[in-house]
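Notes follow the structure.
Read the figures in this text as sums done on the coordinates, not as results from a lab. Because the structure is a prediction, the values reported are computed rather than measured. Heads up, the Cβs are rebuilt from the backbone with ideal geometry, glycines too, and the neighbour counts pull from every protein chain shown.
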Amino acid sequence: MSLPQPAPDRGGPAQPLLALEGLVKHFPLKGGLFGRTRAVVRAVDGVSFTVAKGETLGIVGESGCGKSTTARLLMRLMEPDAGSMIFDGEPVGENEQAGGVSLRDYRRQVQMVFQDSYASLNPRLPIEESIAFGPRVHGLPAGEAVQRARELLGAVGLAPESFARRYPHELSGGQRQRVNIARALALRPRLVILDEPVSALDKSVEAQVLNLLVDLKEGFGLTYVFISHDLNVVQYISDRVLVMYLGEVAEMGPVGAIYDRPAHPYTQALLASRPSMDPARRRTKPPLTGDPPNPVNPPSGCRFRTRCPHAEEVCAARKPNMAALGEGHVAACHMADPASGHSKAGSALEAVA
Ligand SMILES: Nc1ncnc2c1ncn2[C@@H]1O[C@H](COP(=O)(O)OP(=O)(O)O)[C@@H](O)[C@H]1O
Ligand code: SF4
Ligand SMILES: [Mg+2]
């Protein structure tokens, strides 16, 4: 089949598939008589991380913390205000002669699945044609594109003989999300960004779709960035986890370290407010109260300080450094940084126990 094959692995397994440095996206808020910009929403405010080849990086945080904006920046559905993006060693959006990867090529190698299973499907097209659309646009003859679509329907567990000619409204939410996943895979991407892909599904269907994603990742040699507000789902699917708070990275590390030894008080509070199945462990008072502050005017210093039980003067005065805790575990908290001057500095890990 002449469908574009996945681009070759250029830098070897140790070179990150994606490396982001200092990503910023601010949305101007217009207002007043002359529609002048009155304020900016600091949706993503200096985010840096890498995605290793073959891993699943989970991104978790409360609603409004900038997860979807990060996803749209990763997809280059919008331009960042600042920051750099390197895809398998090549700057994204720079011309190929200069050693970059063009946006067109990048947008083939990176695909996205959204929460809303209707959003990316044309309601007037049978689903096999929606899946075949991308490959056709990229030059695959119509017959081959449809053949490819049918293979992908099989791969996502929808028998092509009974599903190929159905329309989106004839499917359940879980089936439609399987179609969206097939559609995202039709151009043989290397990286798939999944933004709340199971959040609209019932729990039983959610588990099936998560297992399908795990199988497809293995079968197609994919790398995932998996975004969810659901800590359990992120724990299940991720190799590494990034915790976002108000447009910034609060903590990042291997999934075991984040869930067993969270160092940032925000991560600790998120985990403690998970509903527990065990009544003996159920809390009477939710540890994380109130909404996050407004990203138009975030607190000075550490953005979590208005909700943090350990906040001290230094937390208002200075933004915490990203402190390294070993094995790639990092946390942006003065308590995790022995040199910060916080009275509990160096005791962040014990604070959990
Ligand atoms: N196009 C936009 N214009 C203005 N504000 C936006 C826009 N998109 C997102 N925001 C704001 O940016 C912040 C982050 O939003 P979002 O990335 O959707 O967060 P999440 O996906 O974590 O819920 C929110 O305060 C949201 O209201
Ligand atoms: S830096 Fe200060 S306010 Fe921020 S999380 Fe750490 S202790 Fe809390
Ligand atoms: Mg979102």
**Q.** For Lys203, Lys30, Lys53, order by how many other beta-carbon atoms lie within 10 Å, fewest first
**A.** Lys203, Lys30, Lys53
Q) Antiparallel DSSP bridges in the chain: what percent, to the nearest 5? A) 60 percent
**Q.** Approximate spin-label separation Glu79-Ser204, in nm, with each point projected 7 Å along Cα-to-Cβ
**A.** 5.0 nm
**Q.** Shape of the stretch 118-170, Cα gyration tensor, a/c cut at 1.5
**A.** oblate
**Q.** Set of aspartates and glutamates near Lys344 by C-alpha distance (under 19 Å), chain-local residues within fewer than 8 positions excluded
**A.** Glu251, Glu312, Glu313
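Given a Förster radius of 56 Å and the C-beta distance between Glu161 and Ser300 as r, what FRET efficiency does 1/(1 + (r/R0)^6) yield to the nearest 0.05?
On the way: r = 62 Å, r/R0 = 1.10.
The value I calculate is 0.35.
Ranked by Cβ crowding within 10 angstrom, fewest neighbours first, how are His169, His229 ordered?
Values: His169 9, His229 17.
Fewest to most other Cβ atoms nearby, the residues stand as His169, His229.
When the expected Rg is taken as 2.2 N^0.38 Å, what fraction or multiple of it is the alpha-carbon Rg of the stretch 165-241? List each step's numbers first, then the result.
Values: Rg = 12.4 Å, N = 77, 2.2 N^0.38 = 11.5 Å.
Computed over Cα atoms of the stretch 165-241, the ratio equals 1.09.
I want the local charge near Glu128. Using Cβ-Cβ distances under 14 Å, sum +1 for each Lys or Arg and -1 for each Asp or Glu among the other residues.
Working: positive: Arg124, Arg136, Arg148, Arg150, Arg165, Arg166, Arg176, Arg178, Arg183; negative: Glu129, Glu144, Glu151, Glu161, Glu170.
Residues close to Glu128 contribute a combined charge of +4.
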Q: Compute the signed sum of charges (Lys and Arg +1, Asp and Glu -1) over the other residues within less than 11 Å, Cβ to Cβ, of Glu62.
A: +1
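Calculate, for Asp260 and Lys319, the FRET efficiency according to 1/(1 + (r/R0)^6) with r their C-beta to C-beta distance and R0 22 Å; round to the nearest 0.05.
For Asp260 and Lys319, the calculated efficiency is 0.25.
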